[in-house]
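The values are calculated or read from the model by the stated rules, or taken from the named source; none is laboratory data. This one's a predicted model, so the numbers in the text were calculated from it and none came from an experiment. For neighbour counting, all protein chains shown are included, and Cβ atoms are generated from backbone atoms with ideal geometry for every residue, glycine included. We work out accessible area using only protein heavy atoms, side chains counted, and drop any ligands, DNA or RNA first. Shrake-Rupley method; radii C 1.70, N 1.55, O 1.52, S 1.80 Å.
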Amino acid sequence: MKKYLIYLLIVTTVVACKKDKSAFDKGADDRINEQLKSYQSTITGSTNGWTATLVTRLGNTYSFYFRFNESNRVFMYCDLDSTTAGVQKESSYRLKSLQQPCLLFDTYSYIHLIADPDPRVNGGYPGAGMLSDFEFMIDTVTTDSIKLTGRFNGSSAVLRKASAQDRAAWENKQVRNNLVGLSNLGKILNYFKRLTYNGTEYEIQINTILKTAIITWKDASGTTHTITTPYYISATGIQFTIPVVNGSTTITGFTITGFNATTNTIQVKVNNTDATIAGAIRPVNPDVQAGRRWWQWGATAQSYWFSPNGFHVDGVDDAFNVKSLKTDSATYYYFTYWPGIQSSSGSFDALVPFYFFPTQNALDWLYGTAPKASFQSDGRVIFTLLGDLNADPYPTTGPAFKTKDQLFITNGYWFVQTSETTFDMVSAKDAKTWISWRNQ
């Protein structure tokens, strides 16, 4: 019996060893290289390349076109701007195992622009950009799609096998033309813009830096709805990643088809039906607490809101030319509004331009004025002048004077919160003048 058990153990061990040998008849490196070779075959095997959507950690959505070849070169377009959407970029890529198979875009290209840490490149955060990636872990691969996850910021990308029509839409600049068409919104000088479709007015705010659309409307019962959706540009126009659903009506985006200078309206198509976008002088549904939130943040944090560009007026950024301000030893940096500054004589607000002094390597101010903010029941904020601050005399002409004069218009301002850290302050006179404030 004992001999039989020993014999059985030996046989079992031999069988197990044979099974192990059949399961691992190739080394780990060989198996990984075969997998990478299979992925290489898939991504280069699509004759017309791949269309892609990339979602950053901030939630921004970008559309791409990629075409990979066997020589580790990739040809791409991106809807970041009219150049990236219209000029093909060639760079290099690698498939490499970094604990798991990865797709690496290893020379600077359009996909790097979004992740660039310099905010002047993409409007993102200093040192972080738009919190995107250019090195990706490969999650799943099929003959028709590839799913990726960014190695550093966790952004996500989905590549879909492109058709000849998809490729032509990028190469023939159809996507670029839709992106340029979006700039027609700037021809409407009013801050507030209304899409009239199927009997309903939808207020649309487009943030081209964050690539988001804020859409507000009232349904048949008079109830107000607002959604914030990322958007991207495709061959068919502006696409919302979150659709607008109003009863039986669903809007997934629109295509801009033209601009009517006579009526100051934009012609668009929604669900292949003609519609228009026109200017308005007030919000569909004013956020009556927005101005208070803006003011209270500064008062509570004992900090300020800043605006590098000053006021936008009648379609012109920095209409008062505040960036030209300078002294003998310093240059303009930004305008600030400080709510609720505490002092020995009480609290006050301050409108102050800051200058950069190279010899001190520091920011400082020379003059300012003290406004008082009055909050109206309809949501407007009206500023009145308490007096100038006890420093250098406030200018009586030029960019700083024009900024101060604009602040104290009797109509006041609507406040629109555009993100957790940004507000737009819009003239209630005609909504053709506004300033964008941020706190970081």
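Which ³J(HN,Hα) values in Hz, rounded to whole numbers, follow from the phi angles of segment 187-194 under the Karplus curve 6.51 cos²θ - 1.76 cosθ + 1.60, where θ = phi - 60° and Gly and Pro get x?
Karplus values, whole Hz, x for Gly and Pro: 6, 7, 6, 6, 5, 8, 10, 10.
Using a/c under 1.5 as the rounded threshold, could you call segment 54-174 rounded, prolate or oblate? The axes a ≥ b ≥ c are square roots of the C-alpha gyration tensor eigenvalues, and prolate needs a/b larger than b/c, oblate otherwise. Don't skip to the answer; put the middle values down first.
Values: a/c = 1.57, a/b = 1.06, b/c = 1.48.
In terms of gyration-tensor shape, oblate.
Whole number in Å², please: accessible area per residue of the chain, 1.4 Å probe, ligands, DNA and RNA not counted. Walk me through the intermediate numbers first.
Values: 22090 Å² over 440 residues.
Normalised by residue count, the accessible surface of the chain is 50 Å².
Of ASP139, ASP349, which has the most accessible area with a 1.4 Å probe, and how do the rest follow in descending order?
ASP139, ASP349
Which residues' amide hydrogens lie under 5 Å from the amide hydrogen of THR265, considering only partners 5 or more residues apart or on another chain, with H built in the peptide plane?
ASN260
How much length would be gained if the chain were fully extended between SER71 and ASN172, taking 0.36 nm per residue of separation minus their Cα-Cα distance, in nm to one decimal?
Length gained between SER71 and ASN172: 33.9 nm.
Tell me, in nm to one decimal, what length is gained between TYR367 and ASP317 on full extension, where the rule is 0.36 nm per residue of separation less the Cα-Cα distance? Don't jump to the answer; show the numbers that get you there.
Values: separation 50, 0.36 × 50 = 18.00 nm, distance 2.35 nm.
Length gained, TYR367 through ASP317: 15.7 nm.
Going by amide H atoms built from the backbone, whose H comes under 5 Å of the H on CYS102, apart from near neighbours?
LYS96, SER97, ILE138
Anything over 23 Å Cα to Cα? Flag those among LYS187/LYS211; LYS193/LYS429; LYS326/LYS402; LYS193/LYS404, in the order listed.
As for pairs spanning more than 23 Å Cα to Cα, those are LYS193/LYS404.
Go ahead and estimate [θ] at 222 nm for the chain from helices alone: -39,500 (n - 2.57) per DSSP H run with n ≥ 4, summed, over the residue count, rounded to 500.
Value at 222 nm, helices only: -6500 deg cm²/dmol.
PRE reach from ARG292 (point 7 Å along Cα→Cβ): which of segment 364-381 fall under 16 Å by backbone N?
Backbone N within reach: 373-381.
Give a residue-ordered list of calculated ³J(HN,Hα) values for segment 53-66 (Karplus: 6.51 cos²θ - 1.76 cosθ + 1.60, θ = phi - 60°; whole Hz; x for Gly, Pro).
Taking θ as phi minus 60°, the curve returns 10, 10, 10, 7, 5, 7, x, 5, 10, 10, 9, 10, 10, 10 Hz for segment 53-66.
For SER344 and LYS187, calculate 0.36 nm times their separation in residues minus their Cα-Cα distance, and state this gained length in nm to one decimal.
Full-extension gain reported as 51.7 nm.
Does anyone have the angle between helix 28-45 and the longest principal axis of the chain? Alpha-carbon axes, 0 to 90°, nearest 10?
60 degrees
Return the whole-Å distance between the Cα centroid of segment 45-60 and the Cα centroid of segment 341-409.
Computed from Cα coordinates, the inter-centre distance equals 46 Å.
First measure r as the distance between the Cβ atoms of PHE408 and ASN48, then evaluate 1/(1 + (r/R0)^6) with R0 = 60 Å and state the FRET efficiency to the nearest 0.05.
0.55
Over segment 227-376, what is the relative contact order in whole percent, taking alpha-carbon pairs under 8 Å and six or more residues apart?
It rounds to 11 percent for segment 227-376.
First compute the accessible area of the chain with a 1.4 Å probe, then give the percent of it belonging to carbon and sulfur atoms. List each step's numbers first, then the result.
Details: 11360 of 22090 Å².
About 51 percent, which is the carbon plus sulfur part of the accessible surface.
Where in the chain is the longest stretch that carries no GluC sites (Glu not before Pro) classed as loop by DSSP and with at most 13 other Cβ atoms within 10 Å?
No qualifying site falls inside 71-419, the longest such stretch.
For PHE192, what residues show an amide H to amide H distance below 5 Å, using hydrogens built from the backbone and excluding near sequence neighbours?
ALA280
Karplus couplings for segment 146-160 from phi (6.51 cos²θ - 1.76 cosθ + 1.60, θ = phi - 60°), rounded to Hz, Gly and Pro as x?
9, 10, 10, 10, x, 6, 9, 9, x, 5, 10, 9, 10, 9, 10
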